[in-house]
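Report on the structure given below.
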Amino acid sequence: MSDSDADLADLRQTVIDALAAGRTASQVYDHEGRLRWVSDQMLELAGADPESEVGHGMHVDEGLELPIWQAMLGEETRAELRRDLGRRLDPATDLPPVWVSTVELHLAHRERPVGMLGLAVRTRDGTLAGTATVYAPLLPARVLALVSEGDEAMFTRMADLTEPGRRPTAVLFADIDSSGPLARRLPTPAYFDLVRRFTTMFDDLVARHGGIVGKHAGDGASAFFLAEDTDSAAARAALAVALALPGELCSIVADLAADGVGVSDDDCRINVGVHWGADLYIGQIVTGGRLEVTALGDEVTECARMEHVASGGQTLASKTLVERLVDDDATALGLDPLRLTYRPLGDLAVDDPKARRDAGTLAVVDLTPAD
């Protein structure tokens, strides 16, 4: 490699380092149009694995015909990319060094418009070192700011569920006890503030324990804890959240009371159901107005019934969930599974025919934390 070629390679590497640090979905081509680098984010979007041929060292004309890019980039997008890069690779070009176009990416069985920012990389004397392409969402800054407030690790876990499938999962449902009378008693803005604080607390707690937030409905919430490593780890995470919720709600109530809102210790009660689904069908639901993860299966219905039966701030856990715990995880939660006593949910659901019908024989234990 000549000194000149080495200088060009060094300049390209500087650009690559910057794009990598910015965690962009991007690619870098050399001055001859050969692919020199693809970012990890771009590979993830494309669904690449260690065995995927992505075209390193290939000219753009050849590389874009590889299956991985044909699946991600439509024919028009590939043609536009070839045209743009070809014009800027011309040594005699006087085109601007930066260009922007809208392209379509095929992601998760949908076409998604994104912005493609192109950058011609040149030395100080104008020698072309290569080009970089960066793909970015076509969203206003204020919308991106809202998205960035979410928990990145949880969003990553949600992104991993693009393809729905059957997975062992711990399920949690929670609802503030006697929320109806509480909503009638408090001014609407004060009650809204309570629900907002509860929702924020719930989501943060689930995120810290490696879970995924499900649907929110009023002051009710749900979460899923996938068995990515072991069943015990997922069960422990769900139970850790369940056992922490009452204390966290009491902190919210105390803060509101200190601000003059008419709440008291009697409003610290939260009803929780925690259950295990060995084969839940779980995945994303993405529409124009929402992105959420949901799960389907009998155990989801059973867990919802458990939470509905719980009253006065009970935390009900199923036998199938608790018995997923290995000794170390049970000890960390302060539980001794051998000393727990279960009873059929139907015995608690005297006035709940749906619970008796759907989960009457389910063995549950009350893990309500002591005052």
Two-decimal Rg to Rh for segment 3-138 - Kirkwood Rh, Cα set: 0.94
Inter-probe distance in nm under a simple model that places probes 7 Å from Cα toward Cβ, at Asp279 and Thr127: 6.5
DSSP H segments from the chain that extend 20 Å or more along their own axis, Cα-based, with Kyte-Doolittle mean of 0.5 or above: 231-258
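Quick one: net charge around Leu280, please, counting Lys, Arg +1 and Asp, Glu -1 for every other residue with C-beta under 13 Å from its C-beta.
Numbers: positive: Arg166, Arg167; negative: Asp231, Asp279, Asp298, Glu299, Glu302.
After counting each charged neighbour, the total is -3.
Once the convex hull of the alpha carbons of segment 170-276 is built, what does its volume come to per residue, in cubic angstrom? Let's see the in-between values first.
On the way: hull volume 8.7 nm³, N = 107.
So the per-residue Cα hull volume is 82 Å³.
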Cβ-derived FRET efficiency at R0 56 Å, Leu338 paired with Val100, nearest 0.05: 0.30
Peptides 184-193, 297-306, 343-352 ordered by average Cβ neighbours within 10 Å, highest first: 297-306, 343-352, 184-193
Debye intensity ratio in log₁₀ form over the Cα atoms of segment 296-371, taken at each q of 0.26, 0.27 Å⁻¹: -1.23, -1.28
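When you have a sec, figure out the Kirkwood radius of segment 188-345 from all distinct Cα pair distances and drop it here in Å to one decimal? Mind dumping the intermediate values first?
Details: mean 1/r = 0.0599 Å⁻¹.
By the Kirkwood definition, the hydrodynamic radius is 16.7 Å.
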Distribution of pairwise C-alpha distances over segment 1-64, 10 Å bins, in %: 21, 48, 28, 3
Full-extension gain in nm, Ser251 to His216, via 0.36 nm per residue minus C-alpha separation: 10.5 nm
Rough spin-label spacing in nm, given labels placed 7 Å along Cα→Cβ, for Asp61 and Arg87: 1.8
Net length gained if the chain between Asp49 and Ala71 were fully extended (0.36 nm per residue, minus Cα distance): 6.5 nm
Other-chain or far-sequence residues with amide H under 5 Å of Leu333's (modelled H): none
Fully extended contour minus Cα-Cα distance, from Asp298 to Asp17, at 0.36 nm per residue: 96.3 nm
Volume in Å³ per residue [convex hull over Cα atoms, computed for the chain]: 187
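Only the coordinates and a few stated rules stand behind these numbers; no lab work does. A quick note: this is a predicted structure, and the numbers were derived from the prediction, not measured. In this analysis, Cβ positions are derived from the backbone assuming ideal geometry, glycine residues included, and neighbour counts consider all displayed protein chains.
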